[in-house]
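See below for the structure under consideration.
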Amino acid sequence: MKLVPRLVLAATLTLSFATVNAKYASAAIINYAFTVDSPVTKGNGFFSFDDSTFSDEDNPVATIKSLSFQFNGDSTVYTEKDDTKYLGFPLVFPTTLLTGQSLALDYLFNDKSNPSSSISYEIIGDDFTIFSRTSPDAKPISGKVSYTQIPEPTPLIGTLFACSLGWMMKRKVTSMKKVRF
């Protein structure tokens, strides 16, 4: 009977390590969340891209597949199609931010909630800028952008399953021992 708990433990560890390592080996679509913070506005967004599409340049870039951004308190949703150079942009690129190695956006979009406005927004790396396209005397407003990678659900579910299976088997073995005595 000592073999069963050892097998369960070995299977649980194997499954949990296999699912954690599989995350990077099989991942193609990478998901990120980002937050914009400036003195006049804040907002949150998400983007995803295919990491196999990075260019083979000194500074590799990949085109965003999907992007969704919204300023706090505003119902307008900005997407990748709102980039002023859509089809070639927005882009994602590797960078070293204050928090360490990460990926960052290159995204330029106009104020969609007020189409007659000359206001534009630009995100490049960890810098966020609000500026006027028509008034050269208007001072741009600067802010910061922070990024967080969103983990894939498959490894998390696999690890949770493996840990649950191990816990249930441990309870079963413990209850079998209590019945014997």
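The values are calculated or read from the model by the stated rules, or taken from the named source; none is laboratory data. The structure presented is a predicted model; accordingly, all values stated were derived computationally and were not measured. Methodologically, a virtual Cβ is constructed for each residue, glycine included, from the backbone with ideal geometry; neighbour enumeration extends over all protein chains shown. We work out accessible area using only protein heavy atoms, side chains counted, and drop any ligands, DNA or RNA first. Shrake-Rupley method; radii C 1.70, N 1.55, O 1.52, S 1.80 Å.
Data for the structure
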{"item": "All positions within the range 131-141 that are modelled with pLDDT of 90 or more and surrounded by fewer than 13 Cβ atoms within 10 Å (Cβ to Cβ)", "result": "T134, K139, P140"}
{"item": "Matching entry among E57, E122 (being among the acidic types (D, E) and either in contact with a Gly (Cβ under 9 Å, 6 or more places away or on another chain) or part of a loop (DSSP other than H, G, I, E, B) (or both))", "result": "E57"}
{"item": "Options F93, F128; residue that is hydrophobic (A, V, I, L, M, F, W, C), in a strand (DSSP E or B) and open to solvent by less than 20 Å² (accessible area, probe 1.4 Å)", "result": "F128"}
{"item": "In the range 59-76, the residues that are open to solvent by 40 Å² or more (accessible area, probe 1.4 Å), under 18 Å from the mean Cα position of the chain (by Cα), of a type outside the set (G, A, S) and farther than 16 Å from F128 by Cβ", "result": "V61, T63, K65"}
{"item": "Residue match in the range 101-121 (condition: over 17 Å from T41 (Cβ atoms), open to solvent by 30 Å² or more (accessible area, probe 1.4 Å) and more than 21 Å from the chain's Cα centre (by Cα))", "result": "yes"}
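Yes/no per residue for (1) of a type in the set (V, I, T); (2) over 15 Å from S102 (Cβ atoms); (3) modelled with pLDDT of 90 or more; (4) under 15 Å from the mean Cα position of the chain (by Cα):
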| site | (1), (2), (3), (4) |
| --- | --- |
| Y24 | no, yes, no, yes |
| I29 | yes, yes, no, yes |
| V36 | yes, yes, yes, yes |
| F47 | no, no, yes, yes |
| E57 | no, yes, no, no |
